[in-house]
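Structure first, commentary second.
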Amino acid sequence: MTPATVTQTVFLVDDDPGALRSLSFLIQTDNLNVESYQSAQAFLDQFDMERSGCLVADVRMPEMSGLDLQRILRERGSQIPIIFLTAHGDLAACRRAFRDGAVDFLEKTQLDDQALLNLIRTSLERDLAARKASRGQHELLPMLQTLTDREREVMDRLVAGRTVKQIATEFDVSIQTIAKHRTKLLEKLKVENDIELVRMILGVAATK
């Protein structure tokens with residue numbers, strides 16, 4: 001269930017051309033892909049939610065603010081990590097940004113280049129992990145539907161830490177019978193052992 005290599009992009013949105021050039025240059029020095037937009041609408045017109053990356057956006061922009069952009073993205077179902085930059089310390093805007101899931105809210109006058117790059121790297125990793133988990137959910141459901149009721153019951157108990165012997169005693173059947181159910185369900189779920197089973201089931205459950 002290992003995903004193919006994903007190309008990630010840092011999307012920059014700022015109505016200040018100078019700020020865009022400066023940020024773009026900084027991020028490219030860290031060998032990251034960058035796309036720049038001078039308005040929130042221009043970004044929305046081009047944005048594809050299937051693309052992995054993170055968004056670095058100015059808070060105050062004409063026509064559509066960074067916070068409005070964040071709201072629209074969330075309404076459309078995008079969970080892209082967002083880092084906000086602002087030239088004006090605004091506590092209300094900061095609260096709203098974090099309430100809606102922003103990664104961070106930074107003042108341009110106190111911006112540290114390396115700290116920003118580290119934050120961008122963390123955001124990219126976060127987006128990649130979220131997409132991997134989402135793929136895991138979509139891949140797992142069809143496989144779970146192939147399990148019989150008994151195989152599902154055995155799986156639930158294995159994930160809960162029960163042994164084959166304990167499960168056999170609970171169902172009043174032979175150990176060999178439960179072992180066969182275990183072998184079959186592992187084959188259907190394409191995992192090699194109980195550890196991989198637990199990692200897959202609990203890993204997906206943690207993202208719901």
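Taking the residues in the stretch 116-138 that are among the charged types (D, E, K, R) and exposed (fewer than 14 other Cβ atoms within 10 Å of the Cβ) as candidates, determine which candidate is modelled with the highest pLDDT.
Selected residue: 125.
Kindly indicate the residue of the stretch 100-116 that is part of a strand (DSSP E or B) and charged (D, E, K, R) and also nearest to residue 16 (Cα to Cα) among those meeting that condition.
Selected residue: 107.
Filter the stretch 171-198 down to the residues that are free of Cβ contacts under 8 Å to residues at least 24 places away in the same chain and exposed (fewer than 13 other Cβ atoms within 10 Å of the Cβ) and list them by number.
172, 174, 176, 183, 187, 192, 193, 195
Residue by residue, here is whether (1) modelled with pLDDT of 90 or more; (2) of a type outside the set (A, V, I, L, M); (3) in contact with a Ser or Thr (Cβ under 8 Å, 6 or more places away or on another chain); (4) assigned by TED's automatic domain parsing to the domain that holds residue 27 holds:
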{"site": "71", "(1), (2), (3), (4)": "yes, yes, no, yes"}
{"site": "84", "(1), (2), (3), (4)": "yes, yes, no, yes"}
{"site": "90", "(1), (2), (3), (4)": "no, yes, no, yes"}
{"site": "107", "(1), (2), (3), (4)": "no, yes, yes, yes"}
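Going through 98, 43 one at a time, which residue ends up being surrounded by 13 or more Cβ atoms within 10 Å (Cβ to Cβ), on the phi < 0 side of the Ramachandran plot and modelled with pLDDT under 90?
98
Give the stretch 52-79 a look and list any residue that's within 15 Å of the chain's Cα centre (by Cα) and either assigned to a loop (DSSP other than H, G, I, E, B) or exposed (fewer than 15 other Cβ atoms within 10 Å of the Cβ) (or both), or say none.
The answer is 74, 77, 78, 79.
Taking the criterion of being touching a Phe, Trp or Tyr at 6+ places or on another chain (Cβ under 8 Å), closer than 29 Å to residue 202 by Cβ, without any contact (Cβ under 8 Å) to a residue 40 or more places away in the chain and not in a helix (DSSP H, G or I), would at least one residue in the stretch 80-99 satisfy it?
Within the stretch 80-99, not a single residue is touching a Phe, Trp or Tyr at 6+ places or on another chain (Cβ under 8 Å), closer than 29 Å to residue 202 by Cβ, without any contact (Cβ under 8 Å) to a residue 40 or more places away in the chain and not in a helix (DSSP H, G or I).
Check 32, 91, 73, 44 and return the single one that is among the hydrophobic types (A, V, I, L, M, F, W, C) and more than 21 Å from residue 128 (Cα to Cα).
Going through 32, 91, 73, 44 in turn, the sole match is 91.
The values are calculated or read from the model by the stated rules, or taken from the named source; none is laboratory data. None of these values were measured; they are calculated from a predicted model. Positions of Cβ are generated from backbone atoms using ideal geometry, with glycine treated the same way; all protein chains shown enter the neighbour counts.
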